1. Within the stretch A:23-78, count every residue that is buried (at least 18 other Cβ atoms within 10 Å of the Cβ) and either over 14 Å from A:VAL13 (Cβ atoms) or at pLDDT below 90 (or both).
2. Do any helices (runs of 4 or more DSSP H) entirely within the stretch B:11-121 hold 3 or more residues that are modelled with pLDDT under 95, and if so, which?
3. Go through (1) within 14 Å of chain B (Cβ to nearest Cβ); (2) under 15 Å from the mean Cα position of the chain (by Cα); (3) aliphatic (A, V, I, L, M); (4) assigned to a loop (DSSP other than H, G, I, E, B) for A:ILE44 and report which single condition fails.
4. Just one of (1) under 25 Å from B:LEU157 (Cβ atoms); (2) of a type in the set (Asp, Glu); (3) loosely packed, with under 14 Cβ neighbours inside 10 Å trips up A:GLU16, so point out which.
5. Of the residues B:ALA143, B:ALA136, which is surrounded by 15 or more Cβ atoms within 10 Å (Cβ to Cβ), under 15 Å from the mean Cα position of the chain (by Cα), in a loop (DSSP other than H, G, I, E, B) and at pLDDT 90 or above?
6. Under 13 Å from the mean Cα position of the chain (by Cα), among the polar types (S, T, N, Q) and not in a strand (DSSP E or B): which single residue out of A:THR5, A:THR79 fits that description?
7. From B:ASN172, B:ASN229, B:ASN161, grab the single residue that is free of Cβ contacts under 8 Å to residues at least 12 places away in the same chain, at the interface with chain A (Cβ under 10 Å from one of its Cβ atoms) and surrounded by fewer than 19 Cβ atoms within 10 Å (Cβ to Cβ).
8. Tell me, which residue of the stretch B:175-198 that is in a loop (DSSP other than H, G, I, E, B) and β-branched (Val, Ile, Thr) is farthest from the other protein chains (Cβ to nearest Cβ)?
Amino acid sequence: MKLETTVPIYLQVGEEIKKAIVTGKVKPGEKLPSARELALKYTINPNTAARVYQHLEQEGIAMTKRGMGTYVIENQDLTDQIRIGMAQELVSHFVGNMKELGFSEAEIVKLIEEER
Amino acid sequence: MLESRSVSKSFFGKTVLKDVDLILEPGKIYALLGPNGSGKTTWMKLAASLLKPTSGEILYKEEPVGLASRKEIAYLPTDPFFYSWMTVQDVGRYYADFFEDFQPEAFEKLLSKMELPTNLKVRTLSSGMTAKLKIAATLARNAKVYLLDEPFNGIDLLARNQIMESIISSLNPEVTLVLSSHLVEEIESVIDTSIFMKDGLVAEVCNTEDLRTREGLSLTQKYRQIMQNRANLG
């Protein structure tokens, strides 16, 4: 994975983990790599890797069991929740950009329909 | 903790470092960034206690650096420092004689991870292999501070990744890592705190994730901003 240098790294790696959950590569309840392993996998700073997990905990996606590591929370609805959350972010980003270009909501909807 | 208190250094009347104030904490990776001649190497040599400051002082655990601190501060110089007749294995023995904290098993592990055969003669090594050997010998010390001067100079992409992995692995909550580089892109993703140096001065110190979060800037962009602004003002 190529990291964007202008976007916080903890967010980018967090997104990657969320994508892995959504696509079923990582299952609810599964143990995530240690911060050190994560740092090596993405060639990032170990403190940034630890921050990835803090961030995922705040978002209610992961939990740290003391002395055992970080796990994806065991909630079968989690995948859908993350999927919808990620979709909402993409849509709001897209709509924001389109409005900046001067498109109305109706025009945006029409363009999406034409795209299909 | 390593602390630089208004450290200045002159050579033959020419000032190469001026009033450098820094505090380096354990558990972090720092970068010294700046063009050639900005004072990075001089500061590292002062911290490694290979040079004496003209004024000011560098403190390690609240004592001025010197013979005692050298046991806990490992320094990787830019110039090669092995005899050409040595084999890779000899370099390990040579280091073990010099440094009490040298760990032969760690040295072997690092060499195998970086795929460097131990029976090769130093004189036959490519520049990338020499760089790996230098890194392995330095990181095999069980030091508390590692000062790595331009660890990626003249190294190909694959060797760079291997060296980077070794550097990341050697960080722990008790260890302070300092890398210097004039190639900012290469170290962008592994640095906690960047120290920008220009003409012997510390131009700015910043946390790299904060830089991306607050200013939406990459380290490379920030570097250009600082170096060019200053040049225009001067």
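The values are calculated or read from the model by the stated rules, or taken from the named source; none is laboratory data. Predicted model, so just to flag it, every value in this text is computed and none were measured. Methodologically, a virtual Cβ is constructed for each residue, glycine included, from the backbone with ideal geometry; neighbour enumeration extends over all protein chains shown.
1. Summing the residues that are buried (at least 18 other Cβ atoms within 10 Å of the Cβ) and either over 14 Å from A:VAL13 (Cβ atoms) or at pLDDT below 90 (or both) in the stretch A:23-78 gives 2.
2. B:67-70, B:88-98, B:104-113
3. That leaves (2) as the condition not met.
4. Of the numbered conditions (1) under 25 Å from B:LEU157 (Cβ atoms); (2) of a type in the set (Asp, Glu); (3) loosely packed, with under 14 Cβ neighbours inside 10 Å, the odd one out for A:GLU16 is (3).
5. It is B:ALA143.
6. Unique residue meeting the criteria: A:THR79.
7. After applying the criteria, what remains is B:ASN161.
8. The selected residue is B:VAL175.
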